[in-house]
Amino acid sequence: MLGLNILSEVHLSQEDWAFQGWDLTFTREATGRKAGLLRPEPLILISQRFYRALKEAGFRGFKVEVARLV
């Protein structure tokens, strides 16, 4: 578990992401804290293509942040 809040941008290897060709994946590490019904969860990582598809389809009620490919 990493902690309650994300303190910096998520960085991931561009080679790993591009090699797999995924539009959706999850982090191995969880963020958050265990408190009642709340528990640590992995981050969901999506490609720009997946993000555009969600927007075009009119999906709402989600928040996105930029992850940096290094």
Review point. For Y51 and V70 in one chain, what is 0.36 nm times their gap in residues minus the Cα-Cα distance, to one decimal in nm?
Key: 4.9 nm
Exercise for review: Find how much the distance from F62 to R28 grows on full extension, using 0.36 nm per residue of separation minus their present alpha carbon separation; answer in nm with one decimal.
Suggested key: 10.2 nm
**Study point:** Sorted peptide list for 20-28, 39-47, criterion being average Cβ within 10 angstrom, highest first
**Key:** 39-47, 20-28
Review point. What residues qualify as long-range amide H neighbours of L43, i.e. H under 5 Å apart, gap of 5 or more or another chain, H built at 1.01 Å from N?
Key: T27, T31
Revision key, fill the gap. If every Lys and Arg gets +1 and every Asp and Glu gets -1 at its Cβ, then about the Cα centre the stretch 10-69 yields a dipole, in debye to the nearest 20, of 320
Revision key, fill the gap. By the C-alpha gyration tensor axes a ≥ b ≥ c (rounded if a/c is under 1.5, else prolate when a/b exceeds b/c, else oblate), the shape of the stretch 10-69 is oblate
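Every read-out reported here was derived from the displayed coordinates using simple, explicitly stated rules and does not represent laboratory data. Please read all numbers here as calculations on a predicted model, not as lab measurements. Cβ sites come from the backbone with ideal geometry, for glycine too, and all protein chains shown count toward neighbours.
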